[in-house]
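What follows is a single structure, written as C-alpha cells, with notes after it.
No lab work stands behind these numbers, since they all come straight from the coordinates. From a predicted model like this one, the values you see are computed outputs, not experimental measurements. Heads up, the Cβs are rebuilt from the backbone with ideal geometry, glycines too, and the neighbour counts pull from every protein chain shown.
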C-alpha cells in the first residue's frame, strides 16, 4: 500500500530515523518531510538531519520545526517563530533550499497567523474525527473547509494538511468502516497537499505502566490510525 504514496513524513530524528528513511526514499524514488520534534534541541536535531541527508537534499520536500508546539504549550509564539527562522538559517547554510515550516493544530494556526507567516507554507494537523459533529464520510469536506479558513487567515498562503485520518478502534465512532469511509473522503477531497495519518498503528501509545503510560491518549483511539493493519 505504501507504494501508492510518493511523499512520507517523519516527525523527529531519534533512533537514526533520518538516515533510514532518507535511504529508503532514495531507493524507492520517494520524497520525505523531515522534522525537528524538540525545538529545545534545535541545533542537535538540525545537525542530525544534515548528517542523515548528507550533501544531497533532492529527496527532501520540507523540513518542519516543531509539531503542535503551541497546542501542547511547549513554547510561546515568539519562541516558535524564532526557532523557525533559526532552523531555516542553519538549513540554508547546509545547502537546503526547500520549504521550512512549523506544524500545528488547525485552531492554533488560525489564532496565531504569525506562525504561518514565518513558515514557507501553512502546515496544519486536521482530524475530522475530533470534531464530534462530523461523520466519517464528511471528513474530506470538513478538512477542506478548515484549509480554506487557514488560507484566509494566512493571507492566501498555500496550506498543506500534514496529518489527517480516522481511528478504527477505541470508541463507537472509531470503527473500520468509518476509518475506510473517512480515508476515501479525504482522498476524494485532496489530490495533493495532504498527508494521511498514519502508515502504521502507534501501539507504543497503548497503556504501558513500565514505560510510564497509565492510559491511552484521547480515550484510547490514538494507537489505531494505521492505514496498514
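A few remarks follow.
- The separation of region 23-58 from region 73-105, counted between C-alpha centres, amounts to 14 Å.
- Helix 42-53 axis, angle to the chain major axis (alpha carbon atoms, nearest 10°): 90 degrees
- Between 0 and 90 degrees, the angle of helix 139-153 with respect to the longest Cα principal axis of the chain falls at about 40 degrees.
- Ranked by the mean number of other Cβ atoms within 10 Å of their residues, highest first, the peptides 32-45, 102-115 come out as 102-115, 32-45.
- C-alpha long axis of helix 77-93 to longest principal axis of the chain, angle in °: 50 degrees
- Here the spin labels are modelled as points 7 Å beyond Cα on the Cα-Cβ line, and at residue 204 and residue 89 they lie 3.2 nm apart.
- Difference of contour (0.36 nm per residue) and Cα-Cα distance, residue 121 to residue 149: 8.7 nm
- Using a Förster distance of 45 Å, the FRET efficiency for residue 74-residue 23 (Cβ separation, nearest 0.05): 0.90
- For the chain, average projected area of the Cα convex hull in nm²: 12.3 nm²
- Ellipsoid semi-axes in whole angstrom, largest first, where each is sqrt(5λ) of the Cα gyration tensor of region 126-229: 26, 15, 12
- Helix-only [θ]222 nm of the chain, DSSP H runs n ≥ 4, -39500 (n - 2.57) each, per residue, nearest 500: -11000 deg cm²/dmol
- Extending 7 Å from Cα along the Cβ direction at residue 82 and again at residue 40 yields two label points whose distance is 1.5 nm.
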